[in-house]
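Each value in this text was obtained by applying a stated rule to the coordinates, not by laboratory testing. Values in this document were obtained by computation on a predicted structure and should not be read as measured data. As a convention, Cβ positions derive from the backbone with ideal geometry for all residues, glycine included, and neighbour counts pool all protein chains shown.
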Amino acid sequence: MYCGSCLLDNALAAEMMAQRHDVILLPVYTPTRTDDKNVSHQRVFFSGISIYLEQYLSFFRKTPWLVDRLWESSWLLKMFSGRGISPDPTLLGELTLSMLKGEAGNLKKEFQKLAEWIRTESPPDMIHLPNSLLISMARPIREVLQRPVCCTIQGEDLFISRLQEQYRQQAVDLISSQVQFVDAFIFSNDSYADQMSRLFSIPQCKVFTIPFGINLSSFSSQARTTSSPFTVGFFARIAPEKGLHVLSGAYCQLRKKGLLPKSKLEVGGYLGAEQRSYLNKIVETMRQAGLSSEFQYHGALGKTEKANFYRTLDVFSLPAIYDEPKGLSALEAMASGVPVLLPRRGAFIEMIEKTSGGLLYNPEDHDSLAQAIHRVYSDRAMAQVLAVNGLKGVREHYSITRMAHNVLGVYQKLGGS
């Protein structure tokens, strides 16, 4: 799928390269997939196939490294990762703990491979881990390079919360025990930084808040004009936590009460095999309400398709039912001149405060979201103001160029050149 973390990390690395910094972006588990030019290294470390074999079959913990390359090839990893295999946290407790145990776990060989590869390369000034689930890399990398380590935390708490109970607290404890090996933690907003700092016992001196950014090159700098029929949009991974059912419920409510004329609910985003029944249930609800013709799922969209998708919308909503730390698609919608409706939680609160590009509503509340949709529909002048504010606000506060500048500032504070 187009993973939000991969999109962000690739965009950040590409922007730093554009600013003439030397960056090596190393894929972990599987090759990265992004809707922009992929700047990642060809080699995949901690190959998803290797770590599975080493976790559950002790024989593979002793196979020669040269033999391992047979199942570490990018083409084989792409083939398996494209078969709809779900990274379901409820099934990955043991593997998660093994990874967090680092060299003390079943994946010791993979840590040795990474350390050996690093020794053959020119030493970087800074190492940046993309999430805390990889924090076990910090100590061995520091021991080899004697360089500062930075770590972004961008939503892995959702993964941890879905681990089976016997693994959940162990995962938190293992991450907390390795905070000492990381010099700085980057968060997208202050509330998320406070929440995760408490969870992982991160000292305040290591906490840095930097709003995440997007590559604005594909998005029009002109505000949207209204369309006919009125079009409501959603773009995110199709999963309950992203809240498509909340949006479809609000839409059906408006149509049933006659507060919205015949309109459209346009949906895009990656759909995993395990979530097909979730989408089917929403489709059936729309059918029972007599609104099948007003609902369309466009699938996962590439960069150009996605930009075109946003340009068809009159209003966008990402009604996540958890504290979303990124909300990149909401930024993309605003960058396209579309007003957004977001729950009053997570990164969205600060996002709307900074941009004034949308409205906040009460989380997980069909009525509150329905009222917000109706406000945008019925007050086109207000909608236009929100659209213009969003265009300006995203470009001022949430560009990938601004994010790269701020991240480089953290590197410099830590002694990176």
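Around Ser191, what is the net charge, scoring Lys/Arg as +1 and Asp/Glu as -1 over all other residues with Cβ under 12 Å from its Cβ? Net of charged neighbours comes to -3.
Taken as Cα centroids, the stretch 129-162 and the stretch 255-285 sit 37 Å apart, rounded to the nearest whole angstrom.
Evaluating 6.51 cos²θ - 1.76 cosθ + 1.60 at θ = phi - 60° for every residue in the stretch 296-308, the Karplus couplings come out as 9, 9, 9, x, 6, 10, x, 4, 5, 4, 5, 4, 5 Hz, glycine and proline recorded as x. Listed values for the stretch 102-116 are Karplus-derived 3J(HN,Hα) couplings in whole Hz (6.51 cos²θ - 1.76 cosθ + 1.60, θ = phi - 60°), namely x, 5, 8, x, 6, 9, 3, 4, 5, 5, 5, 4, 4, 4, 5, and x replaces Gly and Pro. From the Kirkwood radius over Cα pairs of the stretch 274-417, Stokes-Einstein at 10 °C and 1.306 mPa s returns a whole-number translational diffusion coefficient of 94 µm²/s.
Selection among Pro130, Leu163, Met382 by position relative to the dipole of the chain gives Met382 as farthest towards the positive end (Cβ unit charges, Cα centre). Less than 5 angstrom separates the built amide H of Gly268 from those of Phe234, Phe235, Ala236, His298, all sequence-distant by 5 or more or on a different chain.
Across the stretch 326-339, computed HN-Hα scalar couplings (Karplus, 6.51 cos²θ - 1.76 cosθ + 1.60, θ = phi - 60°) run 10, x, 4, 5, 5, 5, 5, 5, 4, 5, 8, x, 10, x Hz from first to last residue, x flagging Gly and Pro.
Near Ala239, the amide H atoms lying under 5 Å from its own belong to Leu244; only residues 5 or more places off or on other chains count, and H is placed 1.01 Å from N. Among the trypsin sites (Lys or Arg not before Pro) in the stretch 329-417, those located in a DSSP loop and surrounded by at most 14 other Cβ atoms within 10 Å of their own Cβ are Arg344.
Assigning unit charges at the beta carbon (Lys, Arg +1; Asp, Glu -1) and nothing else, what dipole magnitude in debye, to the nearest 20, does the chain show about its Cα centre? Walk me through the intermediate numbers first.
Working: 45 positive and 40 negative charges, 137 e Å.
With Lys and Arg at +1 and Asp and Glu at -1, about 660 debye.
Placing +1 on each Lys and Arg Cβ and -1 on each Asp and Glu Cβ, with no other charges, gives the stretch 231-398 a dipole about its Cα centre of roughly 380 debye. The amide H of Thr152, built 1.01 Å from its N in the peptide plane, has Leu129, Asn131, Ile186 as neighbours under 5 Å, considering only residues 5 or more places off or on other chains.
Helix 190-200 sits at what angle to the longest principal axis of the chain, using alpha carbons and giving 0 to 90 degrees rounded to 10? So the helix axis and the longest Cα principal axis differ by about 40 degrees.
Projecting the Cα positions of Ala14, Ile153, Leu92 onto the charge dipole of the chain (unit charges on Cβ atoms of Lys, Arg, Asp and Glu, taken about the Cα centre) puts Ala14 furthest along the positive direction. Overall, the ratio between the Cα radius of gyration of the stretch 147-303 and 2.2 N^0.38 Å, rounded to two decimals, is 1.38. Share of pairwise Cα-Cα distances greater than 29 Å in the chain is 47 percent (whole percent).
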